[in-house]
1. Could you please find all residues in the range 75-99 being closer than 17 Å to Ser176 by Cα, in a helix (DSSP H, G or I) and among the hydrophobic types (A, V, I, L, M, F, W, C)?
2. Out of the residues in the range 26-56 meeting the condition of being closer than 12 Å to Ala172 by Cα and among the hydrophobic types (A, V, I, L, M, F, W, C), tell me which one is surrounded by the most Cβ atoms within 10 Å (Cβ to Cβ).
3. Collect the residues in the range 184-205 that are closer than 21 Å to Phe140 by Cβ and surrounded by fewer than 21 Cβ atoms within 10 Å (Cβ to Cβ), keeping them in residue-number order.
4. Inspect all residues belonging to the range 177-189 and state whether any of them is touching a residue at least 60 places away in the same chain (Cβ under 8 Å), under 30 Å from Thr249 (Cα atoms) and over 17 Å from the mean Cα position of the chain (by Cα).
5. Could you please tell me which pairs satisfy a Cβ distance under 7 Å, a separation of 6+ or placement on different chains, a first residue in the range 212-225 that is under 18 Å from Leu101 (Cβ atoms) and part of a helix (DSSP H, G or I), and a second residue that is modelled with pLDDT of 95 or more and of a type in the set (S, T, N, Q)?
6. What pairs come up if the first residue lies in the range 158-169 and is free of Cβ contacts under 8 Å to residues at least 40 places away in the same chain and of a type in the set (Gly, Ala, Ser), the second is assigned to a helix (DSSP H, G or I) and loosely packed, with under 14 Cβ neighbours inside 10 Å, and their beta carbons are under 7 Å apart, counting only those six or more places apart or on different chains?
7. Of the numbered conditions (1) within 27 Å of Arg63 (Cβ to Cβ); (2) surrounded by 13 or more Cβ atoms within 10 Å (Cβ to Cβ), Asp148 satisfies every one except a single condition; which is it?
8. If I filter the range 1-24 down to residues being modelled with pLDDT of 95 or more and assigned to a loop (DSSP other than H, G, I, E, B), which single residue comes out as farthest from Ala154 (Cα to Cα)?
Amino acid sequence: MRGQPWLPEPPMQALPVVAINGWGMPAELFAPCLTALDAPLILIDLDDSWIQPGMTAAEAVERLLTWLPDKALLVGWSLGGQLAMALAARAPQQVQGVVTLASTPCFIARPDWPSGMAAPQFAVFRQGMLNEPLRQWRDFLRLQVHGDEYQREALRMLRTYLCHGPKASGHALMASLDWLGTLDLRLLWPRPPVPVIHVQGAHDPLLSAALTDWLGAQSAALTVVPGMAHLPWGAHASSCRQIIQQALTHFQQGTYHAHY
């Protein structure tokens with residue numbers, strides 16, 4: 001977990017931001033969405049500093065609860081968005097609002113949910129993480145920017161991370177990967193206990209257009225960033241940061257009420 005606020009240091013009365021990273025991703029890739037916010041920042045990595053072998057998603061939420069201030073804005077990218085929503089449901093009195101980035105209530109497709117990854121495809125990916133974890137992780141990292149309008153530049157940016165590999169150990173990666181495979185928050189997302197803003201990339205290779213339609217049908221507060229894939233990178237990170245800053249201002253002032 002990284003708990004050092006980014007400069008400039010805001011006034012003490014500012015609403016803290018608790019940001020939860022995505023699966024297997026270096027925190028440095030998420031950080032550009034969070035720099036220079038007018039708030040203290042706690043950035044939580046899904047890594048070995050707190051994830052135990054076999055830890056369930058419910059246990060993860062309980063652990064995250066121990067780091068939650070009395071009041072905070074939660075920001076979650078991908079799996080981090082699912083955890084942020086679950087945390088808001090667990091302790092709504094401590095959450096002023098939630099912003100999800102490239103997240104979904106249910107990552108795996110089900111008979112009544114065609115918006116997720118096919119279960120057999122996920123099973124192949126999971127087995128690949130057991131058999132050839134570095135190769136599988138590298139493929140997944142490249143997929144983050146597939147289809148992005150700045151894909152070529154983004155792939156060049158990712159070279160350093162591709163060379164070094166994931167920071168989390170195998171047990172932390174597998175435990176958190178299983179959270180993706182089991183979390184189903186479809187009943188929570190249409191009726192969250194706190195205000196929520198969802199941000200999606202128009203070119204996200206991991207989230208289907210059907211998810212965007214579903215969110216629209218739920219009258220959710222939704223912003224679709226043109227040209228963005230799964231990773232908010234470059235100009236897209238700046239767009240997401242502006243959305244987060246606006247949400248922070250409105251949530252702190254109590255002037256934003258969508259979506260209940």
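The values are calculated or read from the model by the stated rules, or taken from the named source; none is laboratory data. It should be emphasised that the depicted structure is a prediction, and the values quoted were computed from it without experimental measurement. Heads up, the Cβs are rebuilt from the backbone with ideal geometry, glycines too, and the neighbour counts pull from every protein chain shown.
1. Leu79, Leu83, Ala84, Met85, Ala86, Leu87
2. The extreme case among them is Leu46.
3. Matches in the range 184-205: Ala202, His203, Pro205.
4. Scanning the range 177-189 turns up no residue that is touching a residue at least 60 places away in the same chain (Cβ under 8 Å), under 30 Å from Thr249 (Cα atoms) and over 17 Å from the mean Cα position of the chain (by Cα).
5. Within 7 Å, the pairs are Thr212/Gln200.
6. Between residues of the range 158-169 that are free of Cβ contacts under 8 Å to residues at least 40 places away in the same chain and of a type in the set (Gly, Ala, Ser) and residues that are assigned to a helix (DSSP H, G or I) and loosely packed, with under 14 Cβ neighbours inside 10 Å, the close pairs are Gly165/Leu134.
7. Among (1) within 27 Å of Arg63 (Cβ to Cβ); (2) surrounded by 13 or more Cβ atoms within 10 Å (Cβ to Cβ), the lone unmet condition for Asp148 is (1).
8. Filtering first and then ranking leaves Pro16.
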